[in-house]
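Some notes on the structure that comes next.
The values are calculated or read from the model by the stated rules, or taken from the named source; none is laboratory data. Predicted, not measured: the structure shown is a model, and the values here were computed from it. As a convention, Cβ positions derive from the backbone with ideal geometry for all residues, glycine included, and neighbour counts pool all protein chains shown.
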(Lines give C-alpha, C1' and ligand atoms only; values in the text may rest on other atoms or scores of the structure.)
Protein backbone atom coordinates (compact mmCIF):
# COMPACT_ATOMS: atom_id res chain seq x y z
CA UNK A 1 0.00 0.00 0.00
CA UNK A 2 1.19 3.49 -0.86
CA UNK A 3 1.67 5.27 2.53
CA UNK A 4 0.38 8.49 1.00
CA UNK A 5 -2.96 6.76 0.44
CA UNK A 6 -3.28 5.48 3.99
CA UNK A 7 -6.88 6.20 5.05
CA UNK A 8 -8.04 7.80 8.27
CA UNK A 9 -10.25 5.79 10.61
CA UNK A 10 -13.17 8.06 9.67
CA UNK A 11 -12.61 7.33 5.97
CA UNK A 12 -12.50 3.59 6.62
CA UNK A 13 -15.67 3.68 8.70
CA UNK A 14 -17.58 5.81 6.17
CA UNK A 15 -16.53 3.63 3.22
CA UNK A 16 -17.50 0.38 4.91
CA UNK A 17 -20.71 1.83 6.27
CA UNK A 18 -21.72 2.60 2.66
CA UNK A 19 -20.68 -0.91 1.64
CA UNK A 20 -22.73 -2.35 4.49
CA UNK A 21 -25.83 -0.52 3.28
CA UNK A 22 -25.52 -1.63 -0.35
CA UNK A 23 -23.85 -5.06 -0.26
CA UNK A 24 -26.12 -8.01 -1.02
CA UNK A 25 -25.47 -11.48 -2.35
CA UNK A 26 -23.29 -13.47 0.06
CA UNK A 27 -19.88 -14.23 -1.52
CA UNK A 28 -20.43 -11.41 -4.04
CA UNK A 29 -19.81 -8.96 -1.21
CA UNK A 30 -16.09 -9.74 -1.42
CA UNK A 31 -16.09 -8.29 -4.94
CA UNK A 32 -17.66 -5.05 -3.65
CA UNK A 33 -15.00 -4.81 -0.93
CA UNK A 34 -12.24 -5.34 -3.48
CA UNK A 35 -13.62 -2.61 -5.71
CA UNK A 36 -13.41 -0.09 -2.90
CA UNK A 37 -10.19 -1.20 -1.21
CA UNK A 38 -8.10 -2.00 -4.30
CA UNK A 39 -9.53 -0.26 -7.37
CA UNK A 40 -11.13 2.92 -6.02
CA UNK A 41 -9.04 3.78 -2.95
CA UNK A 42 -5.79 1.92 -3.50
CA UNK A 43 -5.53 0.98 0.19
CA UNK A 44 -4.34 -2.55 -0.69
CA UNK A 45 -2.68 -4.01 -3.74
CA UNK A 46 -4.09 -7.02 -5.58
CA UNK A 47 -1.65 -9.50 -4.06
CA UNK A 48 -2.32 -8.44 -0.47
CA UNK A 49 -6.09 -8.48 -1.03
CA UNK A 50 -5.97 -11.95 -2.59
CA UNK A 51 -3.99 -13.19 0.41
CA UNK A 52 -6.88 -12.01 2.58
CA UNK A 53 -9.40 -13.85 0.41
CA UNK A 54 -7.40 -17.08 0.75
CA UNK A 55 -7.17 -16.63 4.52
CA UNK A 56 -10.87 -15.91 5.03
CA UNK A 57 -11.88 -18.91 2.93
CA UNK A 58 -9.60 -21.19 4.95
CA UNK A 59 -10.78 -20.23 8.44
CA UNK A 60 -14.26 -20.42 10.00
CA UNK A 61 -16.53 -17.39 10.16
CA UNK A 62 -18.53 -14.97 8.01
CA UNK A 63 -16.28 -14.40 4.99
CA UNK A 64 -17.50 -10.91 4.04
CA UNK A 65 -17.22 -9.64 7.63
CA UNK A 66 -13.73 -11.10 7.82
CA UNK A 67 -12.68 -9.43 4.58
CA UNK A 68 -13.88 -6.09 5.94
CA UNK A 69 -11.76 -6.75 9.04
CA UNK A 70 -8.78 -7.76 6.93
CA UNK A 71 -8.82 -4.60 4.82
CA UNK A 72 -9.01 -2.40 7.91
CA UNK A 73 -6.22 -4.38 9.59
CA UNK A 74 -3.88 -4.05 6.64
CA UNK A 75 -4.72 -0.37 6.18
CA UNK A 76 -4.61 0.88 9.79
CA UNK A 77 -3.90 -2.00 12.15
CA UNK A 78 -6.34 -3.25 14.78
CA UNK A 79 -8.15 0.13 15.14
CA UNK A 80 -8.74 0.06 11.39
CA UNK A 81 -10.01 -3.52 11.61
CA UNK A 82 -12.46 -2.51 14.34
CA UNK A 83 -13.97 0.43 12.42
CA UNK A 84 -14.33 -1.48 9.14
CA UNK A 85 -15.89 -4.43 10.95
CA UNK A 86 -18.37 -2.24 12.80
CA UNK A 87 -19.12 -0.07 9.77
CA UNK A 88 -19.78 -3.03 7.51
CA UNK A 89 -21.96 -4.93 9.97
CA UNK A 90 -23.89 -2.04 11.54
CA UNK A 91 -26.50 -1.49 8.76
CA UNK A 92 -27.45 -5.18 8.64
CA UNK A 93 -27.76 -5.27 12.43
CA UNK A 94 -29.97 -2.18 12.65
CA UNK A 95 -32.19 -3.24 9.75
CA UNK A 96 -32.61 -6.76 11.15
CA UNK A 97 -33.48 -5.40 14.61
CA UNK A 98 -36.17 -3.24 12.99
CA UNK A 99 -37.49 -6.10 10.84
CA UNK A 100 -37.57 -8.41 13.86
CA UNK A 101 -39.68 -5.91 15.81
CA UNK A 102 -42.04 -5.48 12.87
CA UNK A 103 -42.25 -9.26 12.45
CA UNK A 104 -43.37 -9.76 16.05
CA UNK A 105 -46.12 -7.17 15.59
CA UNK A 106 -47.53 -8.32 12.24
CA UNK A 107 -46.61 -11.97 11.63
CA UNK A 108 -50.13 -13.23 12.46
CA UNK A 109 -51.87 -10.83 10.05
CA UNK A 110 -53.22 -12.42 6.82
CA UNK A 111 -50.87 -10.32 4.67
CA UNK A 112 -47.82 -11.43 6.67
CA UNK A 113 -48.97 -15.07 6.68
CA UNK A 114 -49.20 -15.02 2.89
CA UNK A 115 -45.82 -13.29 2.57
CA UNK A 116 -43.94 -15.70 4.80
CA UNK A 117 -45.66 -18.72 3.30
CA UNK A 118 -44.06 -17.78 -0.01
CA UNK A 119 -40.78 -17.05 1.76
CA UNK A 120 -40.69 -20.61 3.12
CA UNK A 121 -40.39 -22.05 -0.39
CA UNK A 122 -37.80 -19.41 -1.30
CA UNK A 123 -35.62 -20.31 1.70
CA UNK A 124 -35.58 -23.98 0.69
CA UNK A 125 -34.37 -22.99 -2.77
CA UNK A 126 -31.71 -20.66 -1.31
CA UNK A 127 -30.26 -23.37 0.93
CA UNK A 128 -30.41 -25.96 -1.88
CA UNK A 129 -28.57 -23.54 -4.17
CA UNK A 130 -25.95 -22.94 -1.48
CA UNK A 131 -25.42 -26.71 -1.21
CA UNK A 132 -25.02 -27.00 -4.98
CA UNK A 133 -22.65 -24.01 -5.12
CA UNK A 134 -20.52 -25.40 -2.29
CA UNK A 135 -20.59 -28.82 -3.93
CA UNK A 136 -19.28 -27.50 -7.23
CA UNK A 137 -16.41 -25.82 -5.41
CA UNK A 138 -15.38 -28.53 -2.96
CA UNK A 139 -16.56 -31.95 -4.19
CA UNK A 140 -14.02 -32.94 -6.81
CA UNK A 141 -13.13 -36.49 -5.80
CA UNK A 142 -15.08 -39.52 -4.60
CA UNK A 143 -13.63 -39.11 -1.13
CA UNK A 144 -14.96 -35.52 -1.05
CA UNK A 145 -18.43 -36.81 -1.91
CA UNK A 146 -18.12 -39.58 0.68
CA UNK A 147 -17.39 -37.08 3.47
CA UNK A 148 -20.33 -34.91 2.34
CA UNK A 149 -22.69 -37.90 2.21
CA UNK A 150 -21.63 -39.13 5.64
CA UNK A 151 -22.10 -35.65 7.08
CA UNK A 152 -25.61 -35.46 5.63
CA UNK A 153 -26.46 -38.90 6.99
CA UNK A 154 -25.17 -38.07 10.49
CA UNK A 155 -27.11 -34.81 10.51
CA UNK A 156 -30.25 -36.68 9.44
CA UNK A 157 -29.70 -38.99 12.42
CA UNK A 158 -29.68 -35.92 14.71
CA UNK A 159 -25.97 -36.09 15.49
CA UNK A 160 -24.72 -32.68 16.61
CA UNK A 161 -23.38 -30.78 13.56
CA UNK A 162 -20.42 -29.50 15.60
CA UNK A 163 -19.42 -33.13 16.20
CA UNK A 164 -19.96 -33.85 12.50
CA UNK A 165 -17.54 -31.05 11.56
CA UNK A 166 -14.93 -32.26 14.06
CA UNK A 167 -15.18 -35.80 12.66
CA UNK A 168 -14.90 -34.42 9.11
CA UNK A 169 -11.74 -32.53 10.08
CA UNK A 170 -10.24 -35.72 11.49
CA UNK A 171 -11.34 -37.65 8.40
CA UNK A 172 -9.70 -35.04 6.19
CA UNK A 173 -6.37 -35.57 7.95
CA UNK A 174 -6.60 -39.28 7.08
CA UNK A 175 -8.26 -39.55 3.67
CA UNK A 176 -6.23 -36.73 2.09
CA UNK A 177 -2.87 -37.91 3.42
CA UNK A 178 -1.80 -39.00 -0.08
CA UNK A 179 -3.13 -35.88 -1.78
CA UNK A 180 -0.52 -33.24 -2.66
CA UNK A 181 -1.27 -29.72 -1.48
CA UNK A 182 0.89 -27.14 -3.17
CA UNK A 183 0.15 -24.27 -0.83
CA UNK A 184 2.99 -21.78 -0.77
CA UNK A 185 3.38 -18.67 1.36
CA UNK A 186 2.22 -15.58 -0.49
CA UNK A 187 4.56 -12.59 -0.28
CA UNK A 188 2.68 -10.06 1.78
CA UNK A 189 2.84 -6.66 3.33
CA UNK A 190 4.45 -6.40 6.74
CA UNK A 191 2.12 -8.13 9.16
CA UNK A 192 0.59 -5.80 11.79
CA UNK A 193 1.22 -6.50 15.45
CA UNK A 194 -1.93 -7.97 16.85
CA UNK A 195 -1.00 -10.19 19.81
CA UNK A 196 -1.63 -7.62 22.54
CA UNK A 197 -4.95 -6.34 21.08
CA UNK A 198 -6.06 -9.94 20.49
CA UNK A 199 -5.42 -10.82 24.15
CA UNK A 200 -7.09 -7.63 25.43
CA UNK A 201 -10.22 -8.07 23.28
CA UNK A 202 -10.46 -11.75 24.19
CA UNK A 203 -10.13 -10.90 27.88
CA UNK A 204 -12.79 -8.20 27.62
CA UNK A 205 -15.14 -10.65 25.87
CA UNK A 206 -14.49 -13.30 28.52
CA UNK A 207 -15.26 -10.74 31.25
CA UNK A 208 -18.50 -9.80 29.47
CA UNK A 209 -19.59 -13.42 29.30
CA UNK A 210 -18.70 -13.94 32.94
CA UNK A 211 -20.92 -11.01 33.90
CA UNK A 212 -23.72 -12.43 31.74
CA UNK A 213 -23.34 -15.78 33.50
CA UNK A 214 -24.17 -14.19 36.84
CA UNK A 215 -26.83 -11.67 35.79
CA UNK A 216 -28.56 -13.29 32.77
CA UNK A 217 -27.68 -16.95 32.48
CA UNK A 218 -30.19 -17.42 29.65
CA UNK A 219 -28.35 -14.82 27.55
CA UNK A 220 -25.03 -16.41 28.52
CA UNK A 221 -26.07 -19.82 27.18
CA UNK A 222 -27.44 -18.33 23.97
CA UNK A 223 -24.30 -16.24 23.47
CA UNK A 224 -21.92 -19.14 23.99
CA UNK A 225 -23.88 -21.22 21.48
CA UNK A 226 -23.55 -18.40 18.95
CA UNK A 227 -19.79 -18.26 19.60
CA UNK A 228 -19.50 -21.98 18.94
CA UNK A 229 -21.54 -21.74 15.76
CA UNK A 230 -19.23 -19.11 14.25
CA UNK A 231 -16.11 -20.98 15.36
CA UNK A 232 -17.19 -24.03 13.32
CA UNK A 233 -18.70 -22.25 10.30
CA UNK A 234 -16.04 -23.19 7.75
CA UNK A 235 -16.86 -21.87 4.30
CA UNK A 236 -18.67 -18.64 5.24
CA UNK A 237 -21.98 -17.51 6.66
CA UNK A 238 -24.14 -20.16 5.00
CA UNK A 239 -22.24 -22.80 6.95
CA UNK A 240 -23.75 -21.39 10.16
CA UNK A 241 -27.33 -22.15 9.06
CA UNK A 242 -27.43 -25.92 9.76
CA UNK A 243 -25.64 -25.29 13.06
CA UNK A 244 -28.21 -22.69 14.17
CA UNK A 245 -31.07 -24.86 12.95
CA UNK A 246 -29.82 -27.78 15.01
CA UNK A 247 -29.05 -25.88 18.22
CA UNK A 248 -32.00 -23.52 18.41
CA UNK A 249 -34.79 -25.39 16.60
CA UNK A 250 -34.18 -29.12 16.72
CA UNK A 251 -32.41 -29.61 20.07
CA UNK A 252 -33.68 -26.84 22.33
CA UNK A 253 -36.89 -25.78 20.54
CA UNK A 254 -36.22 -22.16 21.52
CA UNK A 255 -37.89 -21.11 18.26
CA UNK A 256 -39.85 -23.22 15.76
CA UNK A 257 -38.78 -24.18 12.26
CA UNK A 258 -41.11 -21.86 10.31
CA UNK A 259 -40.07 -18.87 12.42
CA UNK A 260 -36.41 -19.66 11.82
CA UNK A 261 -37.09 -19.87 8.09
CA UNK A 262 -38.81 -16.49 8.21
CA UNK A 263 -35.73 -15.06 9.88
CA UNK A 264 -33.58 -16.45 7.10
CA UNK A 265 -35.84 -14.83 4.52
CA UNK A 266 -35.52 -11.49 6.29
CA UNK A 267 -31.76 -12.02 6.34
CA UNK A 268 -31.78 -12.32 2.55
CA UNK A 269 -33.52 -8.97 2.02
CA UNK A 270 -31.13 -7.36 4.50
CA UNK A 271 -27.72 -6.17 3.30
CA UNK A 272 -24.76 -7.94 4.82
CA UNK A 273 -23.99 -11.59 5.63
CA UNK A 274 -26.62 -14.32 6.02
CA UNK A 275 -25.36 -14.95 9.55
CA UNK A 276 -27.29 -11.80 10.53
CA UNK A 277 -30.13 -14.32 10.98
CA UNK A 278 -28.61 -14.72 14.45
CA UNK A 279 -29.88 -11.23 15.31
CA UNK A 280 -33.42 -12.34 14.46
CA UNK A 281 -33.07 -15.50 16.56
CA UNK A 282 -31.83 -13.54 19.56
CA UNK A 283 -34.60 -10.96 19.17
CA UNK A 284 -37.29 -13.64 18.99
CA UNK A 285 -35.99 -15.21 22.19
CA UNK A 286 -35.17 -12.23 24.39
CA UNK A 287 -36.12 -9.01 22.60
CA UNK A 288 -33.67 -6.21 21.71
CA UNK A 289 -31.08 -7.26 24.31
CA UNK A 290 -31.19 -10.79 22.90
CA UNK A 291 -30.66 -9.46 19.37
CA UNK A 292 -27.64 -7.46 20.54
CA UNK A 293 -26.04 -10.32 22.49
CA UNK A 294 -26.64 -12.79 19.65
CA UNK A 295 -25.06 -10.42 17.11
CA UNK A 296 -21.99 -9.64 19.18
CA UNK A 297 -21.50 -13.32 20.00
CA UNK A 298 -21.86 -14.70 16.48
CA UNK A 299 -19.59 -12.03 14.95
CA UNK A 300 -16.86 -11.92 17.62
CA UNK A 301 -14.99 -15.11 16.60
CA UNK A 302 -14.74 -13.95 12.97
CA UNK A 303 -13.08 -10.73 14.10
CA UNK A 304 -10.68 -12.40 16.52
CA UNK A 305 -9.73 -15.13 14.05
CA UNK A 306 -8.66 -12.58 11.44
CA UNK A 307 -6.60 -10.35 13.72
CA UNK A 308 -5.10 -13.41 15.38
CA UNK A 309 -4.30 -15.32 12.20
CA UNK A 310 -2.97 -12.65 9.81
CA UNK A 311 0.56 -12.46 11.30
CA UNK A 312 0.93 -16.25 11.04
CA UNK A 313 -0.97 -16.95 7.85
CA UNK A 314 2.09 -17.64 5.67
CA UNK A 315 3.16 -20.31 8.16
CA UNK A 316 -0.04 -22.31 8.41
CA UNK A 317 -1.26 -21.73 4.83
CA UNK A 318 1.47 -24.04 3.56
CA UNK A 319 0.86 -26.73 6.17
CA UNK A 320 -0.45 -29.92 4.53
CA UNK A 321 -2.23 -30.91 7.76
CA UNK A 322 -4.05 -27.57 7.93
CA UNK A 323 -5.10 -27.85 4.29
CA UNK A 324 -6.38 -31.41 4.70
CA UNK A 325 -8.34 -30.54 7.83
CA UNK A 326 -9.99 -27.53 6.18
CA UNK A 327 -10.86 -29.57 3.10
CA UNK A 328 -12.61 -32.16 5.27
CA UNK A 329 -14.61 -29.44 7.05
CA UNK A 330 -15.66 -27.80 3.78
CA UNK A 331 -16.84 -31.11 2.31
CA UNK A 332 -18.90 -31.80 5.43
CA UNK A 333 -20.76 -28.52 5.06
CA UNK A 334 -21.98 -29.49 1.61
CA UNK A 335 -23.70 -32.46 3.25
CA UNK A 336 -24.97 -30.38 6.17
CA UNK A 337 -26.48 -27.79 3.83
CA UNK A 338 -28.16 -30.46 1.70
CA UNK A 339 -29.63 -32.07 4.81
CA UNK A 340 -30.73 -28.65 6.15
CA UNK A 341 -32.52 -27.96 2.85
CA UNK A 342 -34.45 -31.21 3.34
CA UNK A 343 -35.35 -30.29 6.92
CA UNK A 344 -36.58 -26.88 5.80
CA UNK A 345 -38.63 -28.48 3.01
CA UNK A 346 -40.58 -30.47 5.60
CA UNK A 347 -42.01 -27.17 6.87
CA UNK A 348 -43.26 -26.05 3.44
CA UNK A 349 -46.79 -26.87 2.19
CA UNK A 350 -46.58 -29.46 -0.58
CA UNK A 351 -48.77 -27.82 -3.21
CA UNK A 352 -48.35 -26.55 -6.75
CA UNK A 353 -47.63 -22.93 -5.79
CA UNK A 354 -44.87 -23.71 -3.28
CA UNK A 355 -43.28 -26.37 -5.48
CA UNK A 356 -43.29 -24.02 -8.48
CA UNK A 357 -41.90 -21.15 -6.40
CA UNK A 358 -39.06 -23.23 -4.98
CA UNK A 359 -38.21 -24.57 -8.43
CA UNK A 360 -38.27 -21.16 -10.11
CA UNK A 361 -36.13 -19.56 -7.39
CA UNK A 362 -33.61 -22.40 -7.53
CA UNK A 363 -33.29 -22.06 -11.32
CA UNK A 364 -32.91 -18.28 -11.03
CA UNK A 365 -30.17 -18.57 -8.42
CA UNK A 366 -28.32 -21.26 -10.37
CA UNK A 367 -28.33 -18.81 -13.28
CA UNK A 368 -26.75 -16.07 -11.11
CA UNK A 369 -29.79 -13.82 -10.69
CA UNK A 370 -29.15 -11.45 -7.75
CA UNK A 371 -30.66 -12.99 -4.64
CA UNK A 372 -32.34 -9.84 -3.29
CA UNK A 373 -34.34 -9.41 -6.52
CA UNK A 374 -35.38 -13.06 -6.45
CA UNK A 375 -36.62 -12.69 -2.86
CA UNK A 376 -38.46 -9.44 -3.54
CA UNK A 377 -40.15 -10.81 -6.68
CA UNK A 378 -41.14 -13.95 -4.79
CA UNK A 379 -42.63 -11.80 -2.02
CA UNK A 380 -44.73 -9.84 -4.51
CA UNK A 381 -46.02 -13.00 -6.22
CA UNK A 382 -46.84 -14.55 -2.83
CA UNK A 383 -48.89 -11.53 -1.83
CA UNK A 384 -50.79 -11.54 -5.13
CA UNK A 385 -51.59 -15.26 -5.16
CA UNK A 386 -51.90 -16.14 -1.46
CA UNK A 387 -53.34 -13.07 0.22
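When you scan region 61-90, how many residues do you find that are crowded, with 24+ Cβ neighbours inside 10 Å and more than 14 Å from residue 7 (Cβ to Cβ)? Going through region 61-90 one residue at a time, the tally reaches 12. Of note, residue 84 satisfies the criterion of being at pLDDT 90 or above, farther than 23 Å from residue 283 by Cβ and either within 18 Å of the chain's Cα centre (by Cα) or not in a helix (DSSP H, G or I) (or both). The single condition among (1) free of Cβ contacts under 8 Å to residues at least 24 places away in the same chain; (2) on the phi < 0 side of the Ramachandran plot; (3) surrounded by fewer than 18 Cβ atoms within 10 Å (Cβ to Cβ) that residue 287 does not satisfy is (2). A single member of 69, 48, 63 is within 20 Å of residue 14 (Cβ to Cβ) and in contact with a helix residue (DSSP H, G or I) (Cβ under 8 Å, 6 or more places away or on another chain), and it is 69. The criterion of at least 1 residues that are out of contact with any strand residue (DSSP E or B) (no Cβ under 9 Å at 6 or more places or on another chain) and more than 26 Å from residue 89 (Cα to Cα) is met by the following helices (runs of 4 or more DSSP H) wholly inside region 269-387: 313-317, 320-345, 352-366, 371-386. Once region 343-359 is narrowed to residues that are without any contact (Cβ under 8 Å) to a residue 24 or more places away in the chain and farther than 26 Å from residue 154 by Cα, the residue that is surrounded by the most Cβ atoms within 10 Å (Cβ to Cβ) is 356.
Of 72, 52, which residue is within 25 Å of residue 228 (Cβ to Cβ) and either touching a strand residue (DSSP E or B) at 6+ places or on another chain (Cβ under 9 Å) or assigned to a helix (DSSP H, G or I) (or both)? Only one candidate qualifies: 52.
Taken together, the criteria place residue 94 among residues that are out of contact with any helix residue (DSSP H, G or I) (no Cβ under 8 Å at 6 or more places or on another chain) and surrounded by fewer than 17 Cβ atoms within 10 Å (Cβ to Cβ).
Restricting to region 251-266, what's the tally of residues that are farther than 11 Å from residue 119 by Cβ and in contact with a helix residue (DSSP H, G or I) (Cβ under 8 Å, 6 or more places away or on another chain)?
Of the residues in region 251-266, 6 are farther than 11 Å from residue 119 by Cβ and in contact with a helix residue (DSSP H, G or I) (Cβ under 8 Å, 6 or more places away or on another chain).
Filtering region 159-180 to residues that are surrounded by fewer than 21 Cβ atoms within 10 Å (Cβ to Cβ) and under 22 Å from the mean Cα position of the chain (by Cα) leaves 159, 160, 162, 163, 166, 167, 169.
For the criterion of being in contact with a helix residue (DSSP H, G or I) (Cβ under 9 Å, 6 or more places away or on another chain), surrounded by 16 or more Cβ atoms within 10 Å (Cβ to Cβ), modelled with pLDDT of 90 or more and farther than 21 Å from residue 324 by Cα, residue 103 passes.
Report the residue count in region 141-155 for those that are assigned to a helix (DSSP H, G or I) and either without any contact (Cβ under 8 Å) to a residue 40 or more places away in the chain or more than 21 Å from the chain's Cα centre (by Cα) (or both). Final tally of qualifying residues: 10.
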